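Please read the structure below before turning to the comments.
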Amino acid sequence: MSTATVSDTYILLRDRNLPVARQQHSFVFAAPIWPRTADPQFRGWLVLGMRGQDFLNAVLASVSQGQLNGELLATNTDGSRPAVAHYFVPGDPDMERRSLLDVADREWTLIIRADSGNLPGAHSALPGLVLGGGIAITLVVAGLVYVLASSRTRAVARVEAATRELRQAEEESRRQAVLLAAVMASIGDGVGVVDEHGEFMLYNPAARDLLGIDDDVHDSTQWQQHFGLFRPDGRTPFPHEEMPLIRALGGESSDGVEILIRNAARPEGILISVDGRPLDPSAGAAGAVAVFHDITELRRYENDLAVFAGVVAHDLKAPLTVIRGHCETATECLAEEDGDTGHSLTRIMLAVDRMSAMIDTLLAYTTARDAPLACVPVDLDDLVADVVQDRTGHLPSADRPDVIARDLPIVTADPAMLRHVLDNLIGNALKYVRPGAAPRVDVIAGPVGEGWTRITVADRGIGIPDEAKPAVFERFHRAHADAGYAGTGLGLAICKRIVERHGGEIGVTDNPGGGTRFHFTLPLEEYAMKLRSAKNESRSDAADDEARAKLERALAERAAMENTALPGLSALPSAAPSGGDPAGTRLRSPVPRHHPADAE
């Protein structure tokens, strides 16, 4: 329709509970909305509801000045003519006029009654009043129609403005989506996103290339078998609950989780590092995202570097061993004849010892991360006593420092590597002391969390400046490089690697009594089964076996050379592997035991 219309009369719900005499008839005006264009399209309706009694009272009260009765009759679609409203004034009406009114698309009837005795002046004034009332009603109705018609333009303008904003938002969203797709397709690392049920919502071409399989599997429990996911040993299937995406769905972030992928498309297998995170809530849906890095070549390079370090250590230490042996022989021969020459040879031997210790430390640093862990129950009381004996046993009883160990527990760790940590920390505590002061070391332990213990090594030494504490565990960092103390700057870096491989943490604070407190955490014996299995695995692929074999051959050659029949070599420490583990001897003497006064 293109014209305004009016509804049948009805009674509002809120009026139906009133007495019948107080109930009002209501009606609705409706007008169509058309744009002013060459090809107009219908936009909708503008609707206005009115209560008849209130409407008629307002009109006649102002027009009749209390002299006229009024009744407005509507025309419904069923032909009935209900009274929309009544307006009564005191008196006995004896005059009546009826007028037909065009109300939208219908014809209504207005009945005006009056008591001639109450009308001022001649009776001829009544038609004027009736006419005025009719005109007033007509004007009111016309005004309503105009309002409905003019509001169409305003409504169309609002709709067009909202449509423009929506189109701009859609265009910006489309541009952002295209940009995101381009970024995802361009980056070299794999990215995968799953929903709360573990079904893949998105992954880029790099992720598909790393996995080697194009088709998806919606059941996350089938990922291991479908994609061929294994632990780095290449044999153990990767557990479903430890996968980074599954952990991220549970709200746990993970970094650097190493997974071996071997399937029909990757028969030789590749090693990837995976970082998992819960999906940001701004995405509007629960889920998880993972980033994959291919570290196959990096691990091969590191293995080659470890082999190279072992071979270089052998090639450097073998000549040093020969030099020291000949120096000892020459010293014995010249001790009584030429004291100056003997002193020079002693200084040469000290320099050889320092260089040998540095080579051992460098080799220990390169292998501390990847050497297999042989975790067994270790009695810390016995291990600390052994370290203290090695450090102070050669000193006279009166010169031995105070080293106090208090009720240390039994932990689960690799004995050779743990011995290196304690030897380094206790050795530093005995070395970094103020001139003229007697060293004192306290080794204590206490619980920290379920199944873990914290071991603290406290000294009364020169301490570590606050600005140097954050960097003391970095490689080649020395907090007292200008104080004349010997060292390589690798000892604490090796300790950090070893402790972290056991799943613990290491740190340093000031000692309230002066000096420094180093502390690190280890699992107790009864907590051994909860160690991360990935850190207890031994590498068994062909490249690792070959690397280990080369390193063991190099150590065997070194031992053979050191055991040659040169005078004085019997005083050197044995180079034989400890318990078949080449890492055992390398980690046994991490730092030289010479006081700064011994340095040249």
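The values are calculated or read from the model by the stated rules, or taken from the named source; none is laboratory data. All values derive from a computational prediction rather than experimental measurement. Here the Cβ positions follow ideal geometry from the backbone for every residue, glycine too, while neighbour counts run over all protein chains shown. Only protein heavy atoms, including side chains, enter the accessible area calculation; ligands, DNA and RNA are left aside. Shrake-Rupley method; radii C 1.70, N 1.55, O 1.52, S 1.80 Å.
Please verify whether the range 204-226 includes one or more residues that are exposed (fewer than 15 other Cβ atoms within 10 Å of the Cβ) and touching a residue at least 60 places away in the same chain (Cβ under 8 Å).
Within the range 204-226, not a single residue is exposed (fewer than 15 other Cβ atoms within 10 Å of the Cβ) and touching a residue at least 60 places away in the same chain (Cβ under 8 Å).
In the range 150-180, which residue that is in contact (Cβ under 8 Å) with a residue 40 or more places away in the chain and open to solvent by 50 Å² or more (accessible area, probe 1.4 Å) is nearest to the chain's Cα centre (by Cα)? I'd like the intermediate steps shown before the answer.
In the first step, residues of the range 150-180 are kept if they are in contact (Cβ under 8 Å) with a residue 40 or more places away in the chain; the result is 151-153, 155-156, 159.
Okay, now just the ones that are also open to solvent by 50 Å² or more (accessible area, probe 1.4 Å), so 153, 159.
Details: THR153: 52, VAL159: 43 Å.
Looking at residues that are in contact (Cβ under 8 Å) with a residue 40 or more places away in the chain and open to solvent by 50 Å² or more (accessible area, probe 1.4 Å), I get VAL159.
Picking from GLU297, GLU328, which residue would you name as being of a type in the set (D, E, K, R), at pLDDT 70 or above and within 30 Å of GLY192 (Cα to Cα)?
Numbers: GLU328 fails: within 30 Å of GLY192 (Cα to Cα).
Sole residue among the options that is of a type in the set (D, E, K, R), at pLDDT 70 or above and within 30 Å of GLY192 (Cα to Cα): GLU297.
What about VAL183, is it under 25 Å from THR296 (Cβ atoms) and either in contact (Cβ under 8 Å) with a residue 24 or more places away in the chain or open to solvent by less than 50 Å² (accessible area, probe 1.4 Å) (or both)? Walk me through it before giving the result.
Details: under 25 Å from THR296 (Cβ atoms): yes; either in contact (Cβ under 8 Å) with a residue 24 or more places away in the chain or open to solvent by less than 50 Å² (accessible area, probe 1.4 Å) (or both): no.
Considered against the rule, which asks whether it is under 25 Å from THR296 (Cβ atoms) and either in contact (Cβ under 8 Å) with a residue 24 or more places away in the chain or open to solvent by less than 50 Å² (accessible area, probe 1.4 Å) (or both), VAL183 comes out as no.
Can you give me the number of residues within the range 227-241 that are open to solvent by less than 20 Å² (accessible area, probe 1.4 Å), touching a residue at least 40 places away in the same chain (Cβ under 8 Å) and in contact with a helix residue (DSSP H, G or I) (Cβ under 8 Å, 6 or more places away or on another chain)?
So the count comes out to 1.
Please enumerate the residues belonging to the range 291-304 that are out of contact with any strand residue (DSSP E or B) (no Cβ under 8 Å at 6 or more places or on another chain) and polar (S, T, N, Q). Write out each step before concluding.
Here is the first cut: in the range 291-304, the residues out of contact with any strand residue (DSSP E or B) (no Cβ under 8 Å at 6 or more places or on another chain) are 297-298, 300-304.
Result: ASN303, single match.
Considering only the range 504-519, state which residues are under 26 Å from the mean Cα position of the chain (by Cα) and either closer than 14 Å to LEU380 by Cβ or open to solvent by less than 40 Å² (accessible area, probe 1.4 Å) (or both). Steps first, please.
Within the range 504-519, the first condition is being under 26 Å from the mean Cα position of the chain (by Cα), and the residues that meet it are 504-507.
Hits for the range 504-519 are GLY504, ILE506, GLY507.
Take the residues of the range 453-485 that are small (Gly, Ala, Ser) and on the phi > 0 side of the Ramachandran plot: which is modelled with the highest pLDDT?
Here is the first cut: in the range 453-485, the ones small (Gly, Ala, Ser) are 458, 461, 463, 468, 471, 479, 481, 483-484.
In the following step, the residues that additionally are on the phi > 0 side of the Ramachandran plot were identified as 463, 484.
On the way: GLY463: 81, GLY484: 45.
Within the range 453-485, the match that is modelled with the highest pLDDT is GLY463.
Can you tell me how many residues in the range 4-40 are loosely packed, with under 10 Cβ neighbours inside 10 Å and under 28 Å from ARG152 (Cα atoms)?
Selection size over the range 4-40: 4.
Has the range 123-137 got at least one residue that is part of a helix (DSSP H, G or I) and within 28 Å of LEU279 (Cα to Cα)? Steps first, answer last, please.
First, pick out the residues of the range 123-137 that are part of a helix (DSSP H, G or I): 125-137.
Within this subset, residues satisfying the condition of being within 28 Å of LEU279 (Cα to Cα) are none.
Taking every residue of the range 123-137 in turn, none turns out to be part of a helix (DSSP H, G or I) and within 28 Å of LEU279 (Cα to Cα).
So which residues in the range 300-325 are under 30 Å from GLY276 (Cβ atoms), at pLDDT below 75 and open to solvent by 50 Å² or more (accessible area, probe 1.4 Å), if there are any at all? Break it down stepwise before answering.
Step one: filter the range 300-325 for residues under 30 Å from GLY276 (Cβ atoms), giving 300-306.
Filter once more, keeping what is at pLDDT below 75: 301-306.
Result: TYR301, ASP304, LEU305.
Just checking, how many residues over the range 65-96 are open to solvent by 50 Å² or more (accessible area, probe 1.4 Å), out of contact with any strand residue (DSSP E or B) (no Cβ under 8 Å at 6 or more places or on another chain), within 25 Å of ASP8 (Cβ to Cβ) and not small (Gly, Ala, Ser)?
Summing the residues that are open to solvent by 50 Å² or more (accessible area, probe 1.4 Å), out of contact with any strand residue (DSSP E or B) (no Cβ under 8 Å at 6 or more places or on another chain), within 25 Å of ASP8 (Cβ to Cβ) and not small (Gly, Ala, Ser) in the range 65-96 gives 2.
With respect to GLY276, is the statement that it is under 23 Å from the mean Cα position of the chain (by Cα), crowded, with 17+ Cβ neighbours inside 10 Å and within 21 Å of ARG299 (Cβ to Cβ) true?
Yes; evaluated as a whole, the condition is true for this residue.
If you check every pair at least six apart or on different chains, which have Cβ atoms under 7 Å apart with a residue in the range 400-427 that is touching a residue at least 60 places away in the same chain (Cβ under 8 Å) first and a residue that is among the polar types (S, T, N, Q) and assigned to a strand (DSSP E or B) second?
Listed by first residue and then by second, the contacts come to PRO409/THR453; VAL411/THR453; ALA416/SER578.
Exactly one condition in (1) open to solvent by 30 Å² or more (accessible area, probe 1.4 Å); (2) at pLDDT 80 or above is not met by ASP370; state its number.
The single condition ASP370 does not satisfy is (2).
Name the residue, out of SER62, SER99, that is of a type outside the set (D, E, K, R) and open to solvent by less than 50 Å² (accessible area, probe 1.4 Å).
On the way: SER62 fails: open to solvent by less than 50 Å² (accessible area, probe 1.4 Å).
Just a single option satisfies the conditions, and that option is SER99.
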